[in-house]
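Asker: Here it is, the structure in full.
The values are calculated or read from the model by the stated rules, or taken from the named source; none is laboratory data. Computed from a prediction, not measured in an experiment: that's the story for all the values here. Virtual Cβ from ideal backbone geometry, glycine too; neighbours counted across all protein chains shown.
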Amino acid sequence: MTTWTRSLAHRFRALAFLRASLLVGAVYDFGFAVVMVLAPEVPARILSLPLPALPRGQFYLSILAILLTMLAALYLLAARDTQRYSGVVGVAICGRIAGGLAFFAAAATGTDLGGLVPLGVADLAFGLVHAAFFALWWPPRS
């Protein structure tokens, strides 16, 4: 195997892992969206997080669920055609890392938001994994 074909094989493997990480991110976001609407008390109880006063607060959970579902759809587009939607991957990387840091910052306030730490870890991990595989794959060559 030549250096060129070995490099090409590494890039294809990185692309496959990037697509897989985007797919997992989409499933994670969509799953969280569904649970936020159908059973918001479950993640609130597991993560020891306060819920907005229901039923009025359901509006906020529904809006967040819609946004998460939209993100999941964009992740699926990027996973299917990564070169065409590479900008979405860049936004996903930045958004996941920023989201993780925002969760950590909120948890560090000393209030009852310590349950945000696992969510911060997940978002930061997604962002770093996306970034690593994107860096190994980009720029696409014909």
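Asker: Of the conditions (1) touching a helix residue (DSSP H, G or I) at 6+ places or on another chain (Cβ under 8 Å); (2) closer than 15 Å to LEU116 by Cβ; (3) of a type outside the set (Lys, Arg); (4) surrounded by 14 or more Cβ atoms within 10 Å (Cβ to Cβ), LEU74 clears all except one; give me its number.
Answerer: Condition (2) is where LEU74 drops out.
Asker: A further question follows. Among (1) surrounded by fewer than 18 Cβ atoms within 10 Å (Cβ to Cβ); (2) in contact with a Gly (Cβ under 8 Å, 6 or more places away or on another chain); (3) free of Cβ contacts under 8 Å to residues at least 40 places away in the same chain; (4) of a type outside the set (S, T, N, Q), there is one condition GLY100 misses while meeting the rest; what is its number?
Answerer: (1)
Asker: Identify, by number, the condition in (1) part of a helix (DSSP H, G or I); (2) modelled with pLDDT under 95 that ALA72 doesn't meet.
Answerer: (2)
Asker: Under the condition of being loosely packed, with under 13 Cβ neighbours inside 10 Å and more than 20 Å from the chain's Cα centre (by Cα), which residue from the range 43-56 is nearest to LEU116 (Cα to Cα)?
Answerer: Looking at the filtered set, the residue picked out is SER48.
Asker: Within the range 86-142, which residues are closer than 16 Å to SER48 by Cα and not in a helix (DSSP H, G or I)?
Answerer: ALA108, THR109, GLY110, THR111, ASP112, LEU113, GLY114, GLY115
Asker: Here's another thing I want to ask about it. Does any residue of the range 80-88 turn out to be among the β-branched types (Val, Ile, Thr), surrounded by 11 or more Cβ atoms within 10 Å (Cβ to Cβ), farther than 23 Å from PRO139 by Cα and without any contact (Cβ under 8 Å) to a residue 60 or more places away in the chain?
Answerer: The answer is no; no qualifying residue exists.
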